[in-house]
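Below is one structure, written out as structure tokens; comments come after it.
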Amino acid sequence: MQVLQVQTEVRPDPAEVGRARRWARSRLAGSGIEVDEPLAETLVLLISELVTNAVVHTGCPAVLRLLLPRLPESAPATVRVEVTDASTRPPRPRQAEGDDTNGRGLALVDGLADRWGWQSDGAGKRIWCEVDRCEPKPKAAEDAGDAGDAGGTAGVRHLGAAPVVAFPF
């Protein structure tokens, strides 16, 4: 499978978050993921959260990288988003309370991505997430109301080396 890797530098400025979203939308469309496709909306939200964290919590420039599969639109594949920055501080999930305006970013990443984590990268770190682009469901499964994980079982995802239990929202 061929993978298209594209990247852009992100300055430590909150205005960069909007620019990163626009950049990502154009790269996704260029790879065959249409901007109105649910996958594109999910990826843009994940990018927004990861870039916001880099800009707000590190105060350092960052690099946003997309790894996009070069397959026909209907083929299953994985899209990977990476944000690398010069801070060695690991990401720290927070628990937002009530009307808090901050503290939900990594919870959103955990809820939307199929996998995510972080690793040391030279003098800084790389935080990443992956979203699987699945084969379209057969029409019969959609009509039957296939709810996926309707039993409410928790999935386990890995953040660095420690497992994190993710509960469905």
Neighbourhood net charge (14 Å Cβ-Cβ; Lys/Arg +1, Asp/Glu -1) for Gln119: +2
Solvent-accessible area of Leu43 with every protein chain in place, 1.4 Å probe, in Å² to the nearest 10: 0 Å²
Return the inverse of the average 1/r over all pairs of distinct C-alpha atoms in the range 19-91, which is the Kirkwood hydrodynamic radius, in Å to one decimal. 13.0 Å
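The values are calculated or read from the model by the stated rules, or taken from the named source; none is laboratory data. Treat the numbers as computed from the prediction; the structure is a model and nothing was measured. Positions of Cβ are backbone-derived with ideal geometry, glycine not excepted, and every protein chain shown enters the neighbour counts. Just the protein is used for accessible areas: all its heavy atoms, side chains included, with ligands, DNA and RNA removed. Shrake-Rupley method; radii C 1.70, N 1.55, O 1.52, S 1.80 Å.
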